[in-house]
Each structure stands twice: as C-alpha cells, then as structure tokens.
C-alpha cells in the first residue's frame, strides 16, 4: 500500500485550491455558489495575515484529497479552535482511509496549536459524511443552528438600515 503525504499549500497552488473547491461544490450540488477566484485564495492563504490554511493529500505524487481550515475562538473556553471549512477526497480514492487520515492530521495540528475543539458543518442530506463523522466520534450540535448574513442583508446590517 502506498503512503499518504500531506503538503501545505504554497504560493502558486491557488489554481489547485480553486479546482478542489469547485470539485467539492459540484459534489455538494452547490457549484452555482462558487465565486472564489485564484486571486481570492492567494490573498486568503498567503496574505498578511493569512486568513485560512490549506493542505493537499498526495498518494504516489498525485493529489487525492484536500482540506481548508481556519482558527476560531471560544469565549466560553477562552481558547481557540480549528474550524474545518472544506475536506474533499476524490471519489475514486474514497474508502481507503484518506478522509480519516485528513481528520487525524487536522486533529494533530489542532492539539499542537492548543485548540480546545475542531468543528465543521455537514449538509443534512450527506448521509455518508454524517456516518463517517459519527465514526470519528463527532457529534452534531443539535441545539445550535447556523445563521448567515450575505449579500443585501449583510450590506443592510453593515449600513445600520
């Protein structure tokens, strides 16, 4: 069995990040919502300060998976956490432990950075992902509902209207 390696995204990887984001969005039936450009990813990943982090998972020199995350903060715990925005394993490489390896690597990074938790969201219809996450020991936050402001609503709140 070949070995998996993790490679942090470097300047010049913006196109690969964009490709993986689009592949994930297509799988999630949300491709119509993708607006991020290579320039956006370059600024977010490599700007001062970086706003997020990404890594690729390689097997035999080929990218087979991807993760993008950022750090959040828990006021109750008084410490930060790691928020997993995206994890994607190419469909033809699923079922071989790559997803588990990605979450293990992210958990190692979270622990090394002193994070009190790792969190992420999953689409309700994505039963295979929910089952996978439950197998990791993750539990849904049933008492919480994600809220979001975008577009005109975000602009209205920002302008105090």
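Values quoted throughout were computed directly from the atomic coordinates according to the rules given, and no laboratory measurement underlies them. Quantities reported herein were computed from a predicted structural model and do not represent experimental measurements. Neighbour counts run over all protein chains shown; Cβ positions are idealised from the backbone, glycine included.
At 0.36 nm per residue, and after removing the present C-alpha to C-alpha distance, how many nm does the segment from residue 149 to residue 22 gain when stretched out fully?
Numbers: separation 127, 0.36 × 127 = 45.72 nm, distance 2.22 nm.
Additional length available on full extension: 43.5 nm.
If r is the Cβ-Cβ distance from residue 138 to residue 39 and R0 is 45 Å, what FRET efficiency results, to the nearest 0.05?
Details: r = 33 Å, r/R0 = 0.74.
Efficiency, from the Cβ-Cβ distance: 0.85.
Residues of the range 22-50 with amide nitrogen under 13 Å from the 7 Å Cα-to-Cβ point of residue 126?
Those under the cut-off are 22-31.
How far, in nm, would the chain grow between residue 51 and residue 160 when pulled straight, counting 0.36 nm per residue and subtracting the alpha carbon separation?
Numbers: separation 109, 0.36 × 109 = 39.24 nm, distance 2.61 nm.
Here the segment from residue 51 to residue 160 would lengthen by 36.6 nm.
What residues of the range 81-111 lie in the reach of a label at residue 58, counting those whose backbone N is under 19 Å from a point 7 Å from the Cα along Cα→Cβ?
In the range 81-111, the label zone of residue 58 (backbone N under 19 Å from the point 7 Å along Cα→Cβ) covers 88-90, 93, 98-99, 101-103, 105-106.
I need the shape label for the range 4-158. Rule: rounded when a/c is under 1.5, else prolate if a/b > b/c, else oblate, with a, b, c from the alpha carbon gyration tensor.
Numbers: a/c = 1.25, a/b = 1.10, b/c = 1.14.
Rounded shape, in that the Cα axes give a/c under 1.5.
Have a look at the DSSP beta bridges in the range 4-158 and tell me what percent are antiparallel, nearest 5. Display every interim value, and only then the final one.
Values: 22 of 25 bridges.
Taking every DSSP beta bridge within the range 4-158, about 90 percent pair in antiparallel fashion.
What does the C-alpha gyration tensor say about the overall shape of the range 111-161? Classify as rounded when a/c is under 1.5, otherwise prolate if a/b is larger than b/c, or oblate.
Values: a/c = 3.32, a/b = 1.75, b/c = 1.89.
Taking the square roots of the gyration eigenvalues as a ≥ b ≥ c, the range 111-161 is oblate.
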